[in-house]
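Visitor: The structure is given below, and queries will be raised subsequently.
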């Protein structure tokens, strides 16, 4: 028996079928392994981002990463009773929509812990306001009013209290955006200097985050997150886009769009930063001029109410004193 006798049609079909089966198993196996690797990499990115963020916030606020102050905004742990109430009453369907997570991110609150706390506050605040108002109106200061009228006032207070968490979140967002907006032109200038000195964007943002922390801790926090994303994400454009989305400012989005285009088409990053830095300085100057131009109309009412009466009194008082004195002297001389 030789090799030619073994190489038959059935043998070749069996070999090809075995090779095909092995190739199929290998293909599906590698795809599954690739998915697992991507998931593990995303998990490592999230862990590394939280670690870098905790270290940066601890440095900015004078604490250590493990003392609890380093994760005031990002690593808040949900209390057990809040989580139980949210899960049992299914408050996500009642109070959460597609923009809730983005609104919390704009205020600097990230993670499931802050979302659960926010949903619990949306539920508990009206009840607490109603109970306090009812206690005050029915027990402490009834005022001789009917009971149904006091209860109506308490219900009205609870309706206003339902919007209290939303107002507090909006106020926090505005303060955070104002801090980032004030420090953003200086941040662009520092980024431009670092890039022209030969640094990459990752090292430039890391360096600027350390320098800008004294002026705006919020901006330093966002730059630290972007540095982590640039170092670990496969697509750099996602890191730039995430920074613009987290801040919610048009100026930051414009700069991130310019960086995305420079990275995509291979143009000069330093040139893009130089143009955007000039525009940022001009925008800040225009905003200062706008505030200065708005001062005269704002000063009109205080001037009329407070300055002009005093001015009239100072001007007319000597003449009135002379008139009264002469009239008194004339009356005394006539008598």
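Read-outs: derived from the displayed coordinates by stated rules, not from any lab. Predicted, not measured: the structure shown is a model, and the values here were computed from it. We place every Cβ from the backbone using ideal geometry, glycine too, and count neighbours over all the protein chains shown.
Visitor: With each pseudo-label sitting 7 Å past Cα toward Cβ, what's the residue 96-residue 124 distance in nm, one decimal?
Guide: In this crude spin-label approximation the distance works out to 1.7 nm.
Visitor: Could you tell me the relative contact order of the stretch 174-293? Use alpha-carbon pairs under 8 Å, at least six residues apart, and round to a whole percent.
Guide: 27 percent
Visitor: Using just the alpha carbons, could you tell me how many Å³ per residue the convex hull of the stretch 80-162 encloses?
Guide: Considering the Cα atoms of the stretch 80-162, their hull volume per residue is 116 Å³.
Visitor: With a ≥ b ≥ c taken as the square roots of the eigenvalues of the C-alpha gyration tensor of the stretch 114-181, please select rounded if a/c is under 1.5 and otherwise prolate if a/b is larger than b/c or oblate if it is not?
Guide: In terms of gyration-tensor shape, prolate.
Visitor: For the ranges 229-238, 322-331, what's the packing order if you count other beta-carbon atoms within 10 Å of each residue, average per peptide, and put the highest first?
Guide: Per-residue mean Cβ counts within 10 Å order the peptides as 229-238, 322-331.
Visitor: Where a ≥ b ≥ c are the square roots of the eigenvalues of the C-alpha gyration tensor, would you call the stretch 142-247 rounded, which needs a/c under 1.5, or, failing that, prolate if a/b is larger than b/c, or oblate?
Guide: Prolate, since a/c reaches 1.5 and a/b exceeds b/c.
Visitor: Kindly give Rg over Rh for the stretch 221-335, based on alpha-carbon atoms, with the Kirkwood expression for the hydrodynamic radius.
Guide: My calculation of the ratio gives 1.60.
Visitor: Please report how far the C-alpha centroid of the stretch 153-193 lies from that of the stretch 204-226, rounded to the nearest whole angstrom.
Guide: Going from one Cα centre to the other spans 19 Å.
Visitor: Modelled label-to-label distance, residue 291 and residue 193, 7 Å Cα→beta-carbon offset: nm?
Guide: Result: 2.3 nm between the two label points.
Visitor: Okay, next question. Under the 0.36 nm per residue contour assumption, what length would be gained going from the current alpha-carbon distance of residue 85 and residue 139 to full extension?
Guide: That pair, residue 85 and residue 139, stretches by 16.5 nm at full extension.
Visitor: Can you figure out the FRET efficiency of residue 274 with residue 215, using R₀ = 22 Å and their beta-carbon distance, to the nearest 0.05?
Guide: Step by step, r from the Cβ atoms, then E = 0.55.
Visitor: Also: Calculated FRET efficiency, residue 257 and residue 132, Cβ-Cβ r, R0 51 Å, to nearest 0.05?
Guide: Calculated value: 0.60.
Visitor: Bin all alpha-carbon pair distances of the stretch 224-278 at 10 Å intervals from 0 and give each bin's fraction as a whole percent.
Guide: 26, 54, 20, 0
Visitor: When ranked by the protection proxy of mean other Cβ atoms within 10 Å per residue, highest first, what sequence do the peptides 115-126, 187-198 form?
Guide: Result, highest mean Cβ count within 10 Å first: 115-126, 187-198.
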